[in-house]
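Some notes on the structure that comes next.
Just so it is clear, none of the values below were taken in a lab; they were calculated from the coordinates. Keep in mind the model is a prediction, meaning the values are calculated, not measured. Virtual Cβ from ideal backbone geometry, glycine too; neighbours counted across all protein chains shown.
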Amino acid sequence: MANGGYGMTVLTALTAQNSRGVQGIFVVPPAFLQQQLASVFDDLPPAAVKTGMLPDAAAVETVADTLRQYGAGSSGQTNGQTSGGVVNGACRKSVGAAPGNLRPQALPVVVDPVMVSTSGHALAKQSVCAALKQHLIPLATMITPNLAEAQALLGDGRALESLEDMQQAAADLHKLGCTSVLIKGGHLAERKQKIKQAAAAAAGSSLQETPQQQQDEEVVYAVDVLYDGTRCYYYTAPFIETANTHGTGCTLAAAIATALANGQTPVQAVQTAKDYLTSALAASVGLGLGAGPQHPFNHGAGYGRVQGGPMGL
């Protein structure tokens, strides 16, 4: 609700998990999964859909079949309408704008290809990756993999270690049939931050830095790359060092779906979602829950944020 939407949930699996990790997964039978989807769509038809953990190929196919039945499909990705005016100083785009600057015509679907938990536990069977590529990704308005998920979907063993790698990966994943690809670079920024800290420690932790020296240090930025089949868009924000990151990927995808439901273009929706997530991370507090590596994201910190808008590109 922090972004002006009301979420209706369909359960694909039940998990036994805590801050230490995932101890067990119970997969919801496909027939009951389809029944849940029908219950939502027949009573409160969503203006956009976000998918998350899909534990097996049967779940992927069930969701894809149902979404197709209710109007999803990237083949009708744009309707020639512009972004609808001026938002945060960004001028209206022309009819000939790139797809990322046009509103989706079909039911917007954001696919977050969740496959591994923060603690490293596999949340989906091996068959899920192939099923996503064959059945669900071709229906997607946007897919939002992190670096590890992008590598899994590419399936060619390449490592994504730079912005250039992310650009090429986004272009290659777009060939799977989705309208746009957002590759999240938070893990790359985290690696750079750790390297920077290690270098500082090696240089001599006993040296006391002045406030000016601290201010002059190079800031590490998290950069996400959106590719719409025509061009790349870049979303940059300072990397925020906090342990409370469990659930941030799901939150970002849900925020994008909400922005699309509210009429924003893909380019605008990603900026709005990233602004929301960044402000929530910045306001994150040490909740002190559990003793494991999965520290929950502080969703409540997102309330009262500043409204986001499209980048001036």
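Run the numbers for Asp156 and Thr230: contour at 0.36 nm per residue of separation, minus the present Cα-Cα distance, in nm.
24.3 nm
Between Thr242 and Asn262, full extension at 0.36 nm per residue minus the direct alpha carbon distance yields a gain of 4.2 nm.
Provide the gained length on full extension for the span Ala130 to Tyr70, in nm with one decimal, where the gain is 0.36 nm per separating residue minus the Cα-Cα distance.
Values: separation 60, 0.36 × 60 = 21.60 nm, distance 2.30 nm.
Using 0.36 nm per residue and subtracting the Cα-Cα distance, I get 19.3 nm.
Cβ-Cβ distance of Asp172 and Thr15, R₀ of 35 Å, FRET efficiency by 1/(1 + (r/R0)^6): the value works out to about 0.65. Restrict the search to region 158-189; then list the trypsin sites (Lys or Arg not before Pro) that DSSP places in a loop and that have at most 10 other Cβ atoms within 10 Å of their Cβ. Here the sparse-neighbourhood loop sites are Lys175.
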